Amino acid sequence: MLSESSSFLKGVMLGSIFCALITMLGHIRIGHGNRTHHHEHHHLQAPNKDDISKISESERMELSKSFRVYCIVLVKPKDVSLWAAVKETWTKHCDKAEFFSSENVKVFESVNVDTNDMWLMMRKAYKYAFDKYRDQYNWFFLARPSTFAVIENLKYFLLKKDPSQPFYLGHSVKSGDLDYVSVDGGIVLSIESMKRLNSLLSVPEKCPEQGGMIWKLSEDKQLAICLKYAGVFAENAEDAYGKDVFNTKSVGLFIKEAMTNHPNQVVEGCCSDMAVTFNGLSPNQMHVMMYGVYRLRAFGHVFNDALVFLPPNGSEND
């Protein structure tokens, strides 16, 4: 009996060591998939408002027309109420927005990618967008249906960013040696990053359809691994005060945290004035956000933004 127990314990120990070794190899693969690129994690900031005010009127008009953002929203049938809210609210401010669904849904128009796997959905959406719109849009924004985005603030943030450079930005997170942009806050890719990603989608050694050796990786981590092979690295987007502009939580949650942690500075301790996204919203909260961001105005108070982003032709935006 003692001998059997000893053999059992040895087996457990050997199995544990083997699992640890495989897991460690998996992390090595993620952390050092591309040794040819040295990159320090960057924190990208929005442009200075004083610099924008110095731009001539003709240059402002040209800038307002040149920034074209294509929005991708990944949805499933269970998200139909959020889907409806997103369609009725912030996506009207995209230059073009399309919904990519896991299956055909008769209620709303969408691109059917015919899979429930979030990483495959993301891959197919990016490939579709690049193949069809590579010559029409220079920035591509991907979001969940629970995300609310202020597209004008996104365009303002991107104002001094060159889309011919490989940008991959949002709310960056560190996991071991891997920096990735969380899909919860939305992901922005420049056209150059889209080109590089598209070139790797057919290379399973660098951008496999299924990632992870033991545990399945989330779609945002798998995207980061593919982009890392292409020399594209995650960047954290911040305002001039170092506050995140892509947020993975709702405004309500941020305010609640600020009331607990900074009771005397709730507004200052909450969120950036130039926030681009908030996540975890219900359909009703989407409409409340729309009211607060685009419709509510203080009588007698004039807003003097130096730059106005014009809505796309035929848009029904607010």
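Just so it is clear, none of the values below were taken in a lab; they were calculated from the coordinates. It should be emphasised that the depicted structure is a prediction, and the values quoted were computed from it without experimental measurement. Methodologically, a virtual Cβ is constructed for each residue, glycine included, from the backbone with ideal geometry; neighbour enumeration extends over all protein chains shown.
Here ASN284 and GLN165 are evaluated by their C-beta separation; at R0 = 41 Å the FRET efficiency comes out at 0.55. Placing dummy labels 7 Å off each Cα toward the beta-carbon, the span from HIS262 to LYS78 is 3.5 nm. Shape verdict for region 69-220, please, from the Cα gyration tensor: rounded (a/c under 1.5), prolate (a/b greater than b/c) or oblate. Because its axes are fairly even, with a/c under 1.5, region 69-220 counts as rounded. Using DSSP to define loop residues, name the GluC sites (Glu not before Pro) in region 144-205 whose beta-carbon has at most 14 other beta-carbon atoms within 10 Å. Those that pass, being in a loop and sparsely packed, are GLU205. Taking every alpha-carbon pair under 8 Å whose residues sit at least 6 apart, region 165-293 reaches a relative contact order of 26 percent. Among the GluC sites (Glu not before Pro) in region 83-136, those placed in a DSSP loop whose Cβ has at most 11 other Cβ atoms within 10 Å are GLU109. Lysine pair count for region 116-217 (Cα-Cα distance under 19 Å; residues 8 or more apart in sequence or on different chains): 11. Going by a ≥ b ≥ c, the root eigenvalues of the Cα gyration tensor, does region 165-224 fall in the rounded group (a/c under 1.5), the prolate group (a/b larger than b/c) or the oblate group? Because a/c hits 1.5 or more and a/b fails to exceed b/c, region 165-224 counts as oblate.
Ranked by the mean number of other Cβ atoms within 10 Å of their residues, highest first, the peptides 168-175, 183-190, 290-297 come out as 183-190, 168-175, 290-297. Here is the list for region 72-157: chymotrypsin sites (Phe, Trp or Tyr not before Pro) lying in DSSP coil, each with at most 16 other C-beta atoms within 10 angstrom of its C-beta, are PHE108.
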